[in-house]
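Read the structure below first, then the notes.
The values are calculated or read from the model by the stated rules, or taken from the named source; none is laboratory data. All values reported here derive from a predicted model rather than from experimental measurement. Heads up, the Cβs are rebuilt from the backbone with ideal geometry, glycines too, and the neighbour counts pull from every protein chain shown.
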């Protein structure tokens, strides 16, 4: 369970820890392009380009180490909760944020899984409203949990709209 100073009375459920691995792989894929550019500058360039390549190589390694550490911290502060009237998503360590989506305003609930998420057995649940866009999204859920949440969100949202 996670608590947030922005919603102190709410206990948030953590996302699956496998999300750390997925996000680190995303970072490594992006860093591979920077690494390739730095190595290309070192291998093919004159002395000026080689110096730039070595600086780029050092910067890529430093950025990669920082990103690997940061992803673990970010995922540890990522959670969700559902009340009778709202779906809440919290995230952030330094810049904290809690997205509150009223269940009666949710227009659709989507479950998505790309190849990497599917490999690890995780999905992303998005509760969309007309105004919020993708703010009510939680990545790193097990498929069974996401399907259960989708049914609960839709049932509570319909019940809330019937009471209006």
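Do we find that residue 143 is over 16 Å from residue 14 (Cβ atoms), at pLDDT 85 or above, surrounded by fewer than 18 Cβ atoms within 10 Å (Cβ to Cβ) and in contact with a strand residue (DSSP E or B) (Cβ under 8 Å, 6 or more places away or on another chain) in this structure?
The answer is yes for residue 143.
Being farther than 23 Å from residue 150 by Cα and not in a helix (DSSP H, G or I) is the requirement here; does residue 55 meet it?
no
Looking at 140, 92, 104, 72 in this structure, which one is in contact with a helix residue (DSSP H, G or I) (Cβ under 7 Å, 6 or more places away or on another chain) and at positive phi?
Answer to the check: 140.
Output the number of residues of the range 73-118 satisfying the condition of being out of contact with any strand residue (DSSP E or B) (no Cβ under 8 Å at 6 or more places or on another chain) and within 22 Å of residue 144 (Cα to Cα).
Selection size over the range 73-118: 5.
Show the residue pairs meeting these rules: Cβ distance below 6 Å; 6+ apart or different chains; first residue within the range 112-124 and without any contact (Cβ under 8 Å) to a residue 60 or more places away in the chain; second residue part of a loop (DSSP other than H, G, I, E, B).
Correct list of pairs: 123/113.
If I filter the range 119-131 down to residues being touching a strand residue (DSSP E or B) at 6+ places or on another chain (Cβ under 8 Å) and more than 24 Å from residue 25 (Cβ to Cβ), which single residue comes out as surrounded by the fewest Cβ atoms within 10 Å (Cβ to Cβ)?
Top of the filtered list is 129.
I need a count of the residues in the range 32-71 that are touching a residue at least 12 places away in the same chain (Cβ under 8 Å) and closer than 24 Å to residue 4 by Cβ.
Here the count works out to 2.
Please find, within the range 1-14, the residue that is modelled with the lowest pLDDT out of those that are over 25 Å from residue 117 (Cβ atoms) and outside any strand (DSSP E or B).
Looking at residues that are over 25 Å from residue 117 (Cβ atoms) and outside any strand (DSSP E or B), I get 5.
Could you list, in sequence order, the residues of the range 127-140 that are modelled with pLDDT of 85 or more and farther than 20 Å from residue 116 by Cβ? Spell out the reasoning first.
Of all residues in the range 127-140, those modelled with pLDDT of 85 or more come to 127, 137-140.
Hit for the range 127-140 is 127, nothing else.
I'd like to know if the range 66-77 contains one or more residues that are surrounded by fewer than 15 Cβ atoms within 10 Å (Cβ to Cβ) and part of a loop (DSSP other than H, G, I, E, B).
No, because not a single residue in the range 66-77 is surrounded by fewer than 15 Cβ atoms within 10 Å (Cβ to Cβ) and part of a loop (DSSP other than H, G, I, E, B).
Kindly indicate whether residue 20 is modelled with pLDDT under 95, within 21 Å of residue 138 (Cβ to Cβ) and buried (at least 17 other Cβ atoms within 10 Å of the Cβ).
No: the conditions fail for residue 20.
Say we look at the range 1-14 and pick out the residues that are in contact (Cβ under 8 Å) with a residue 12 or more places away in the chain and loosely packed, with under 13 Cβ neighbours inside 10 Å; which of these is nearest to residue 82 (Cα to Cα)?
Per the criteria, the residue is 11.
Hey, any hits in the range 15-31 for a residue that's free of Cβ contacts under 8 Å to residues at least 24 places away in the same chain, under 22 Å from the mean Cα position of the chain (by Cα) and either under 30 Å from residue 79 (Cβ atoms) or not in a strand (DSSP E or B) (or both)?
yes
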